[in-house]
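Please read the structure below before turning to the comments.
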Amino acid sequence: MGRIVKTTFALVGSVAGAGFVSGRELVSFFGVGAAVHLLCLAFLLFFLFFLLLLHAGRRYGSFAALLRARFGGAAGVAGACFLFGSFVLTSAMLAGINALSPAFSPWIALLTAGGCFLIAKKGIGGVKMLHAVLVPCIAAYLFFSLSTKRHAIVFSPENAGMGILFCVLYVSMNLFLSAPVVVDLGGGLQREREAVFSSLTAAAVLAGMMFFILASIGGKAGAAARAVPLLAVLGDARAFPLALFGGMVTGLVSAYYPLHTAAARIRRQTAKNAARLLVLAAAFFCAGWGLERIVSLVYPALGVLGVLFLLSVVFDRQLFQKHDEKIHHARKQT
């Protein structure tokens, strides 16, 4: 039960970062108001792809092993694409922290990055423990505070086709960015039912948070145009900046974890740490581009990469090898 709970919180935290909790990325992909059919689709896609990646983690043991098995000689190129996505998300989280506290920029972001570095040194166990502490608090606060606000719920969208496309891109983008964490989480699960329950619960929590965030932003005039839309809804709530900061921390740790892990290939410990700190410094520089620009311009492109990656895993013959063997045996009997 403990593994299911920790895995569930880690799955939610890998998605619910700065752009999610602020409402910025949700508005960019889903528009204003909570479209019921899109949220149902997002729930289904999150559940299926969480389960798929957790199953891949149980099958291969780690994300690096999955890339080697799936892409062979091109595993290095695929890994570079994921590291690029992780770097973009790291920059977005740091940009969000700077936007949250401009008077203290960049010092709070610098301290947060230092804490992220220490947590990542503990491996996937450190990521799970951080999410187990922060994610329940963030989710409970958002559900409680937004349930009393005015809500805008959409039942008959004007352009359903484009909405479905952007929903698929949004889920694919998040699974692309969080795949290294999710697959490594799957490597620590012992039973298939743990993956099923974790995926189902995490998808339900995410869909519920998305509903309240989008519905409350749609119910507040002018909120969607703000850099931090949810701040216009909960601007008078003193705890909201803490919840937003918590979302930024969980997103930052999940984004930085693959970058930190990639440096493990360097032999000398001093060189490893230097490379990791250099990556954080570069992310600090790119964070100056601003959260809104990163979310609006770069995230959709990452969604396309996410679709391609998830399709490659879906059609991975090794991942479903036992089913292939049954089919082959049936053909021989015929």
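Summary of computed values
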read-out: Inter-site label distance for Arg265 and Lys122 at 7 Å from Cα along Cβ, in nm; value: 2.8 nm
read-out: HN-Hα J in Hz across the stretch 45-52 - Karplus 6.51, -1.76, 1.60, θ = phi - 60°, x for Gly and Pro; value: 5, 4, 4, 5, 7, 4, 4, 4
read-out: Whole-Å distance, taken between Cα centres, linking the stretch 112-153 and the stretch 1-49; value: 13 Å
read-out: Cα gyration tensor shape for the chain, rounded if a/c is under 1.5, else prolate or oblate; value: oblate
read-out: In the chain, lysine pairs closer than 20 Å at Cα, eight or more apart or cross-chain; value: 7
read-out: Potential extension, Leu308-Leu200 segment - 0.36 nm per residue separation minus Cα distance; value: 36.6 nm
read-out: All-pairs Cα distance distribution in the stretch 1-151, expressed in whole percent, bin size 5 Å; value: 2, 7, 11, 18, 21, 18, 13, 7, 2, 1, 0
read-out: Relative contact order, percent, the chain [alpha-carbon distance under 8 Å, six or more residues apart]; value: 40 percent
read-out: Listed residue (Leu134, Ser101, Phe63) projecting farthest to the positive dipole end of the chain, Cβ model; value: Phe63
read-out: Dipole moment magnitude, nearest 20 debye, the chain about Cα centre, only Lys, Arg, Asp, Glu C-beta charged; value: 980 debye
read-out: Net charge contributed by nearby residues that have their C-beta within less than 12 Å of Lys121 (K/R +1, D/E -1); value: +3
read-out: Per-residue [θ]222 nm for the chain (sum of -39500 (n - 2.57) over DSSP H runs n ≥ 4, rounded to 500); value: -25500 deg cm²/dmol
read-out: Sites matching trypsin sites (Lys or Arg not before Pro) across the stretch 230-282 that sit in DSSP coil, with at most 14 neighbouring C-beta atoms within 10 Å; value: Arg238, Arg267, Arg268
read-out: FRET efficiency estimate (nearest 0.05) - Cβ-Cβ, Phe155 to Lys272, R0 56 angstrom; value: 0.60
read-out: Residues of the stretch 1-19 with amide N under 16 Å of a point placed 7 Å along Cα→Cβ from Met129; value: 3, 6-7, 10
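Bear in mind these aren't lab numbers, they're just calculated from the coordinates by the rules spelled out. Everything numeric in this text was worked out from a predicted model, so none of it was measured. Every residue, glycine among them, receives a Cβ derived from its backbone with ideal geometry; neighbour counts consider all protein chains shown.
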